[in-house]
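Just below is one structure, and these are the notes that go with it.
The values are calculated or read from the model by the stated rules, or taken from the named source; none is laboratory data. Computed from a predicted model, the values in this text were never measured in an experiment. Glycine gets a Cβ as well: all are built from the backbone with ideal geometry, and neighbour counts include every protein chain shown. Heavy atoms of the whole protein, side chains included, go into the accessibility calculation; ligands, DNA and RNA do not. Shrake-Rupley method; radii C 1.70, N 1.55, O 1.52, S 1.80 Å.
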Amino acid sequence: MIRVAVSHAPIAVAEALEAIEQVADAGAVASFTGLVRADDGVTALTLEHYPGMTERALDAIACAARDRWALKAVTILHRVGPMRPGERIVFVGVAAEHRQAALDACAYCIDRLKTDAPFWKCEAVDGAKRWVEAREGDRARADRWD
């Protein structure tokens, strides 16, 4: 089971986890929930994306993880639009037969989506807006899976 969604709606983590936990033959579930941070005085974050292309990129990441770790389920949910610090921005959940596969696959998905999915972040700080540049550390974490 692969589920990928990009939405303005808040992410319902409990519902997403429940669906993953219902998958047959899964012995482990791992998840990651990313929150909007208030680093450097950020009061709001607007996330833009390329519709259609973004979902395809997330689906490719999910399929690659499923194939590499023989996963039973992969869910990637990502918010777009305006958000405030503390709100959920991304959820990744995976189900596998064993814990290590689940943990590795979850890390892989979040590392790859940070670099491979077409999202653009604009932060609001002290009334001014600034676009967030890609971070070299994100690229290094994604490259470790090659």
Inspect all residues belonging to the range 104-114 and state whether any of them is under 19 Å from PHE32 (Cα atoms), open to solvent by less than 80 Å² (accessible area, probe 1.4 Å) and more than 11 Å from the chain's Cα centre (by Cα).
yes
TRP69 is checked against (1) surrounded by fewer than 21 Cβ atoms within 10 Å (Cβ to Cβ); (2) aromatic (Phe, Trp, Tyr); (3) within 20 Å of LEU17 (Cα to Cα) and fails just one. What number does that condition carry?
(1)
Taking into account only those residues within the range 33-45 that are under 22 Å from VAL6 (Cα atoms) and surrounded by 15 or more Cβ atoms within 10 Å (Cβ to Cβ), which is farthest from the chain's Cα centre (by Cα)?
ALA44
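Could you list, in sequence order, all residues of the range 26-77 that are among the basic types (Lys, Arg) and touching a residue at least 60 places away in the same chain (Cβ under 8 Å)?
If we filter the range 26-77 for residues that are among the basic types (Lys, Arg), which is where we start, we get 37, 56, 66, 68, 72.
Across the range 26-77, the qualifying residues are ARG66, LYS72.
Among the residues of the range 49-58, are any farther than 21 Å from ALA142 by Cα and surrounded by 17 or more Cβ atoms within 10 Å (Cβ to Cβ)?
Keep residues of the range 49-58 that are farther than 21 Å from ALA142 by Cα, which gives 51-52.
Adding the requirement that they be surrounded by 17 or more Cβ atoms within 10 Å (Cβ to Cβ) leaves none.
No, the range 49-58 has no match at all.
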I'd like to check which strands (runs of 3 or more DSSP E) are fully inside the range 30-146 and have at least 1 residues that are within 24 Å of VAL13 (Cβ to Cβ).
42-49, 73-79, 81-83, 88-96, 119-125
